[in-house]
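What follows is a short report on a single structure.
The values are calculated or read from the model by the stated rules, or taken from the named source; none is laboratory data. A quick note: this is a predicted structure, and the numbers were derived from the prediction, not measured. With ideal geometry, Cβ positions are generated from the backbone for all residues, glycine too; neighbour counts draw on all protein chains shown. Just so you know, the surface numbers come from the protein's heavy atoms only, side chains and all, with ligands and any DNA or RNA stripped out. Shrake-Rupley method; radii C 1.70, N 1.55, O 1.52, S 1.80 Å.
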Amino acid sequence: MSEYKILFTGTMGAGKTTAISAISEIPPVTTDVQNNDPSLHKDTTTVGLDYGELTLPGGEQLRLYGTPGQQRFAFMWQILAKGALGIVILLDHSRPDPLADLSIYLSNFAELIASTGCVVAVGRLPLSASSALDQYSKRLAEHGLICPVVRADVRDKAQVLGLLDLLLLQLEHQVAPL
Ligand SMILES: Nc1nc2c(ncn2[C@@H]2O[C@H](COP(=O)(O)OP(=O)(O)O)[C@@H](O)[C@H]2O)c(=O)[nH]1
Ligand SMILES: [Mg+2]
């Protein structure tokens, strides 16, 4: 049976823990602890990583890893990226500069994205602001990348599975067991 490692990254509060919890078939492992930063409007924050598992209809086992969000944990991003099949970048459109957020992940995961696949999922994006998706695609192009950019609400299991579908579609031609 094949096993594949998929990463979920993105800013704090973008929904890495929520996304993995939504689709994992085992109780997800999370390292969230009490958040002591009142500006973040969140009770918990990820200092380590999230882990979940999902079996695809074809029997392939996905190992789902959520990275710590903050850039000060970037050293861990490199460790987690090893052997990954692809990456889902979760963005929170309500943050002050979500395009700058995107650039941080594109730069830090450049090697992984260049050799595998990537999906950009934008959360908290009002329907009236749909044209903003073009701005994200433009930013990807500035990094020399083309990947799907979609609106997503990671609280919805079907939408998270849709993100994985988009990722796996890109990889169809290059998938090899780890
Ligand atoms: N209102 C709203 N809340 C969202 C949306 N996406 C995620 N959330 C919430 O935002 C929070 C994300 O937290 P978490 O998954 O811990 O983020 P993490 O830091 O990336 O792991 C959760 O409470 C979600 O329910 C969205 O599109 N709209
Ligand atoms: Mg988290």
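Considering each of 137, 107 in turn, give the residue that is hydroxyl-bearing (Ser, Thr, Tyr) and either surrounded by 21 or more Cβ atoms within 10 Å (Cβ to Cβ) or in contact (Cβ under 8 Å) with a residue 24 or more places away in the chain (or both).
Being hydroxyl-bearing (Ser, Thr, Tyr) and either surrounded by 21 or more Cβ atoms within 10 Å (Cβ to Cβ) or in contact (Cβ under 8 Å) with a residue 24 or more places away in the chain (or both) holds for just one of 137, 107, which is 107.
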Query raised in the report: Out of all the residues in region 73-81, is one or more under 19 Å from residue 163 (Cα atoms), within 13 Å of the chain's Cα centre (by Cα) and modelled with pLDDT of 95 or more?
Result: yes
Query raised in the report: Restricting region 5-62 to residues that are farther than 30 Å from residue 172 by Cα and of a type in the set (Ser, Thr, Tyr), which is modelled with the lowest pLDDT?
Result: 46
Query - Of all residues in region 1-20 being near ligand 2 (Cβ under 9 Å from one of its atoms) and farther than 12 Å from residue 121 by Cβ, the one that is least open to solvent (accessible area, probe 1.4 Å) - result: 20
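Among the residues of region 125-132, is there at least one that is outside any helix (DSSP H, G or I), hydrophobic (A, V, I, L, M, F, W, C), closer than 17 Å to residue 91 by Cα and at pLDDT 95 or above? Break it down stepwise before answering.
Step one: list which residues in region 125-132 are outside any helix (DSSP H, G or I), which gives 125-126, 130-131.
Filter once more, so that each one left must be hydrophobic (A, V, I, L, M, F, W, C): 125.
Remaining after also requiring closer than 17 Å to residue 91 by Cα: 125.
Checking which are at pLDDT 95 or above leaves us with 125.
Yes.
Being within 16 Å of ligand 1 (Cβ to nearest atom) and open to solvent by less than 20 Å² (accessible area, probe 1.4 Å) is the filter here, so list the residues in region 48-73 that pass it. Show your work before the answer.
First pass over region 48-73, keeping only residues within 16 Å of ligand 1 (Cβ to nearest atom): 48-52, 64-73.
48, 50, 52, 64, 66, 67, 68, 69, listed by residue number.
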